[in-house]
Amino acid sequence: MTDIFAELTWRGLIHQTTDDANLPAWLMTQPRTLYAGFDPTADSLHVGHLVALMILRRFQQAGHRPIALMGGATGMIGDPSGKSEERTLLSADTIGANVAAMEAQMRRLLYFDSGPQGAALVNNYEWMSRWTYLDFLRDVGKNFPVNVMLAKDSVRARLERTDSGLSYTEFSYMLLQAFDFVRLRESFGCELQVGGSDQWGNITAGIDLGRRMGHGQLYGMTCPLLTKSDGTKMGKTERGAVWLSPVRTSPYAFYQYWINVNDADAGRCLRMLTELPREEIESLDAARAADPARRESQRRLAEALTQLVHGPEGLAKAQQATKVLFGGEFGALTENELSEIFADVPSCELARARLEGEGIGLLDTLVTAGLAASKGEARRKIGEGGVYVNNRRENSIDRRLTTADLIGNSIIVLRMGKAKYALLRFK
């Protein structure tokens, strides 16, 4: 079997384990079943989930069986770990829709066939919904000492705050997640839970509950949270989180996020998130140190992750969209995709009626769009070959824009020089 523990160690994916001495050998003796949990608090996974998902994927490729646990029940409460305030509670319908959306994304990263390594996708709502409150307290809660919960850093930190406490609802979260481990041990023979470093308290609580309920030795392993070199969370932009859903974050925006990763973070991301072999990653490290301006590490990172999450078609579209910024043909890019590409360039709205008939003069439009200070400057730039309509050079000062120039139903892109763009929207 592949030495998965050594692989994870080299990639910097092990933060803490419950048994450093014995876990590596235990993983080598036979295929094991492990799980990671995901609370469906949104209708998409985001970049922060990628670390745990890739760990499950690596275990599966090494011959083990992964379980992706959807928190249909725990998601109704919200994990207090690492949170300073209580989460807004979601409705059952919203959580159900979120679970379905996240499941579809997970199937791109894990294979769910019926073989011994085939992943299982389960929802803890399936078993928690069958319990009555009194039965759960009697049969499960009696095995969970409150002092164990109070000793956890995630709980103690919230209880010590003077400006906010911890509701009984959130207080119960740890017990519900601990029981997940017990339930998966009973149904799947699962003996290992993995999660982010902020899940240490929940993981060890599950191990303790399993021992008290007679399920023997269980193991836990945490991975580092995905953070930048300055300690801030990775996967955040001015527009919000970087999602795995192409509707929430387009393949182009996803690709661009990784292209723009700092040099100090590129090597860590290559190790933690991609499946590139060690030799290639170390070669990229050396190339980055010798000539960081080439940004070869970032390009490979963006390629590998975009193809993994969005497939070859998504990567091709992202690369085509990137070329557009450097004068490439628009090809089959849609109106929405162009709006995404040029979201940060100046734009102006014009009446669509102005394109009818003879259309609107290019000289006037360049001034209106702010690309030229005057018609004289616009005339000169056209004469120099520095004006483009939809990335195609325009040589005529008499050029008029018409509906034939529209991309989709409403967009025309103007460019002056190499990188001075304006987006025209016609309504």
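The values are calculated or read from the model by the stated rules, or taken from the named source; none is laboratory data. Please read these numbers as outputs of a predicted model, since none were measured by experiment. All Cβ positions, glycine included, derive from the backbone under ideal geometry; neighbour counts span all protein chains shown.
A few remarks follow.
- Subset tally (residues that are under 22 Å from the mean Cα position of the chain (by Cα) and either under 30 Å from ASP405 (Cβ atoms) or outside any helix (DSSP H, G or I) (or both)) for region 289-309: 1
Table: residues versus (1) surrounded by fewer than 19 Cβ atoms within 10 Å (Cβ to Cβ); (2) touching a Pro at 6+ places or on another chain (Cβ under 7 Å); (3) not assigned by TED's automatic domain parsing to the domain that holds THR306.
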{"site": "ASP19", "(1), (2), (3)": "yes, no, yes"}
{"site": "THR29", "(1), (2), (3)": "yes, no, yes"}
{"site": "LEU34", "(1), (2), (3)": "no, yes, yes"}
{"site": "PHE38", "(1), (2), (3)": "no, no, yes"}
{"site": "ASP43", "(1), (2), (3)": "yes, no, yes"}
{"site": "ALA52", "(1), (2), (3)": "no, no, yes"}
{"site": "ARG57", "(1), (2), (3)": "no, no, yes"}
{"site": "LEU69", "(1), (2), (3)": "no, no, yes"}
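- Single condition ARG425 does not satisfy, out of (1) more than 18 Å from PHE330 (Cβ to Cβ); (2) touching an Asp or Glu at 6+ places or on another chain (Cβ under 7 Å): (1)
- Within region 185-216, being hydroxyl-bearing (Ser, Thr, Tyr), surrounded by fewer than 20 Cβ atoms within 10 Å (Cβ to Cβ) and under 22 Å from ASN147 (Cα atoms) holds for one residue alone: SER197.
- Options LEU333, LEU414, LEU363; residue that is surrounded by 15 or more Cβ atoms within 10 Å (Cβ to Cβ) and assigned to a strand (DSSP E or B): LEU414
- The residue that is surrounded by the fewest Cβ atoms within 10 Å (Cβ to Cβ), among those in region 224-245 that are in contact with a Ser or Thr (Cβ under 7 Å, 6 or more places away or on another chain) and within 25 Å of THR204 (Cα to Cα), is LYS233.
- Among residues of region 327-372, those that are closer than 25 Å to ARG248 by Cα, over 25 Å from the mean Cα position of the chain (by Cα) and among the hydrophobic types (A, V, I, L, M, F, W, C), counted: 4
- Selection within region 21-40 - assigned to a loop (DSSP other than H, G, I, E, B) and closer than 27 Å to ARG183 by Cβ: ASN22, GLN30, PRO31, ARG32, ASP39, PRO40
- When ALA289, ALA266, ALA253, ALA304 are screened for being among the aliphatic types (A, V, I, L, M) and at pLDDT below 95, only ALA253 passes.
- Being of a type outside the set (D, E, K, R), exposed (fewer than 15 other Cβ atoms within 10 Å of the Cβ), touching a helix residue (DSSP H, G or I) at 6+ places or on another chain (Cβ under 7 Å) and not in a loop (DSSP other than H, G, I, E, B) is a condition met by at least one residue of region 338-348.
- Residues that are within 26 Å of PHE342 (Cβ to Cβ) and outside any loop (DSSP other than H, G, I, E, B) within region 242-278 comprise TRP243, PRO251, TYR252, ALA253, PHE254, TYR255, GLN256, TYR257, TRP258, ILE259, listed in sequence order.
- On inspection, GLN298 qualifies as at pLDDT 95 or above, within 30 Å of ALA422 (Cβ to Cβ), surrounded by 20 or more Cβ atoms within 10 Å (Cβ to Cβ) and of a type outside the set (A, V, I, L, M, F, W, C).
- Those helices (runs of 4 or more DSSP H) lying entirely in region 157-241 with at least 3 residues within 21 Å of PHE59 (Cα to Cα): 173-188, 200-212
- Identity of the residue in region 268-280, under 18 Å from the mean Cα position of the chain (by Cα) and under 20 Å from GLN256 (Cβ atoms), that ends up surrounded by the most Cβ atoms within 10 Å (Cβ to Cβ): LEU270
- Region 1-39, residues that are over 29 Å from the mean Cα position of the chain (by Cα) and among the polar types (S, T, N, Q): ASN22, THR29, GLN30
- Evaluating GLU238 against the criteria (1) out of contact with any Pro (no Cβ under 7 Å at 6 or more places or on another chain); (2) within 26 Å of VAL122 (Cβ to Cβ); (3) at pLDDT below 95 leaves one unmet condition, (2).
- Candidates ARG65, ARG87 - the one that is charged (D, E, K, R) and either surrounded by 21 or more Cβ atoms within 10 Å (Cβ to Cβ) or at pLDDT 95 or above (or both): ARG65
- Residues that are under 17 Å from LEU184 (Cβ atoms), in contact with a strand residue (DSSP E or B) (Cβ under 9 Å, 6 or more places away or on another chain) and not polar (S, T, N, Q), drawn from region 104-141: MET106, LEU110, PHE112, PRO116, GLY118, ALA119, ALA120, LEU121, VAL122, TYR125
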